[in-house]
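Everything on this sheet refers to the single structure shown next.
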Amino acid sequence: MELKCAVQNYHWGKVGSASLVASFAANAVTDFKLDEGSNYAELWMGTHNSGPSVIKGTGETLPEYIKKNPDCLGEKVLERFGGDLPFLFKVLSVRQALSIQIHPNKSNAEALNAKFPDRYKDSNHKPEIAIALTDFQGLCGFRPLKEIQDFLQKLPELQTILGEASTQALLNAKEDDYKDGLKASFTSLMKVEVDVLKKELENLAARINDSEGLQKDLFNTLNKDFPGDVGCFAIFFLNHVKLLPGEAMYLDADVPHAYLYGECMECMANSDNVVRAGLTPKFIDVDTLVDMVQYKCATAEEQKFPGVTDSLTGIVLFNPHVPDFAVNMIKISSNSDCFSVPALDSISILIFTKGTGKYLVSNKVVKEGGLSVVQPYASDEIKLGTVLMLPAHKILEVFIEDCDEIVAYQAFCKL
Ligand SMILES: [Zn+2]
């Protein structure tokens, strides 16, 4: 069945028809009227309180529907997660950087929720995956030690911020023994006094355009959008990851990250737990942050999360080995008249992000004597941004029409 979804107009979203979220919303959102002056940041597909999807035609919300029809989740999902969808699936259109953040692992989430229930509202972990729809940029994980040390040597401004002891601790760190030095220097950065930070940002801004190899484009953009923010120096610690369409990065627990620019599919466990670290006017819980961050250095390339292509169907599976979600990337070329998306033992949510055609959802019923018959269940046109909720064990057939390629993303639980 088709879903109507919620749009979130956060200020960092792309504006008007430049936003992919807005172009999907024309079909994915009830009575959507594009305003060329508004920000369209996120399209939410799921049951989250702050924007539950609605079933087209009936007007019933998805959480209401699932409550009445728990079988649609599939036996394993129902058993493991109870009667709710364990993931939230999104489209993001990013114009301006989101805050640098980490998400606690399950046990830290439980501890934080027990200690600060107002700030950390639930006890769930929040792993996330981002799959690029357009050229996409983010910050993710600590850079290789050598890169951070090279920046530090070229940046007297950063040395002043870190102070003598932390600067030396980081410069003396070794490939096989760097955690303490990295933690000491990252902590000094996060705890820098506002006046010192502002002065050193000014100093660096005044000379960066005449220097080489100092990430000047990224620095200038962030320094313009977030003046006086500690995140402008965090770029010398964190990898600047660039994804091509179809490439992904997985944000495991405790990995510092931020989305910078572009459009992506995002899937996450159902949680709001965020510990912020910069590029934000919001509260930064520095002590929690510096204790919880995973101090692990790796290259930008190593931050990418490879999908696995099924040789039979060509479907690319992004499976980050958490029970909460996995994502299929489905590409259908005009060579095939009809493409069958295999039935899953889990509920799934699927969005068409490219192409046009028709779809047919059917039930496979096995009769006595082993004879199986297919009963049609729902069918309609495929447009850009058509969103389907597929109950477990349903077959989806896609008929491509008037285009070269259909692309769809399908979030589900792989248990
Ligand atoms: Zn995040």
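Any read-out appearing in this document is the output of simple, stated calculations on the displayed coordinates, not a laboratory observation. In this text, all values refer to a predicted model and were calculated from it rather than measured experimentally. Positions of Cβ are backbone-derived with ideal geometry, glycine not excepted, and every protein chain shown enters the neighbour counts.
Just round it to a whole percent: the fraction of Cα-Cα distances in segment 143-236 exceeding 18 Å.
I get 41 percent for the Cα pairs in segment 143-236 exceeding 18 Å.
Per 0.36 nm of contour for each residue apart, how much would the distance between residue 354 and residue 36 grow if the chain were fully extended, relative to their Cα-Cα spacing?
Values: separation 318, 0.36 × 318 = 114.48 nm, distance 2.21 nm.
Once the chain is fully extended between residue 354 and residue 36, it gains 112.3 nm.
Just want to confirm a number: the relative contact order over segment 143-236, from Cα pairs under 8 angstrom separated by 6+ residues, in percent.
Reported relative contact order: 28 percent.
On a C-alpha basis, how far is the centre of segment 344-359 from the centre of segment 174-234 in Å? Whole number, if you could?
The two parts, judged by their Cα centres, are 43 Å apart.
What whole number of Å gives the distance from the Cα centroid of segment 264-343 to the Cα centroid of segment 83-99?
Computed from Cα coordinates, the inter-centre distance equals 11 Å.
When 61, 309 are ordered from fewest to most other Cβ atoms inside 10 Å of their Cβ, what list results?
If I rank by nearby Cβ atoms, fewest first, I get 309, 61.
Please report, in whole Å³, the volume per residue of the convex hull around the C-alpha atoms of the chain.
Normalising the Cα hull of the chain by residue number yields 164 Å³.
Using modelled amide H (1.01 Å from N, peptide plane; none on Pro or chain starts), what sits under 5 Å from the amide H of residue 278, excluding residues fewer than 5 places away?
100
How big, in percent, is the set of alpha carbon pairs in segment 309-412 lying more than 20 Å apart?
Across segment 309-412, Cα pairs with separations above 20 Å total 39 percent.
In whole percent, what relative contact order does the chain give with Cα contacts below 8 Å and a gap of six or more residues? List each step's numbers first, then the result.
Values: 966 pairs, mean separation 86.5, N = 415.
Here the relative contact order equals 21 percent.
With r as the distance between the Cβ atoms of residue 198 and residue 26 and R0 = 35 Å, compute the FRET efficiency 1/(1 + (r/R0)^6) and round to 0.05.
Working: r = 44 Å, r/R0 = 1.24.
Taking R0 as 35 Å, the efficiency between residue 26 and residue 198 is 0.20.
Given H placed 1.01 Å from N in the peptide plane, which residues other than close sequence neighbours of residue 357 have an amide H under 5 Å from its amide H?
Those lying under 5 Å, H to H, from residue 357 are 382, 401.
Rounded to the nearest 20 debye, what is the charge dipole size of segment 2-113 about its Cα centre when +1 sits on each Lys and Arg Cβ and -1 on each Asp and Glu Cβ?
220
Along the charge dipole of the chain, pointing to its positive end and built from +1/-1 on Cβ of Lys, Arg, Asp and Glu, which listed residue (12, 114, 278) has its Cα farthest out?
114
Nothing charged except the Cβ atoms of Lys and Arg (+1) and of Asp and Glu (-1): what's the magnitude of the dipole of the chain about its Cα centre? Round to the nearest 20 debye.
360
Once you charge only the Cβ atoms, +1 for Lys and Arg and -1 for Asp and Glu, what is the size of the charge dipole of segment 143-236 about its Cα centre, to the nearest 20 debye?
80
Would you kindly derive the ³J(HN,Hα) couplings of segment 391-406 from the backbone phi angles with the Karplus curve 6.51 cos²θ - 1.76 cosθ + 1.60 (θ = phi - 60°), listing them in order in whole Hz, with x for Gly and Pro?
x, 4, 6, 8, 9, 10, 10, 10, 10, 7, 9, 6, 7, 7, 7, 10
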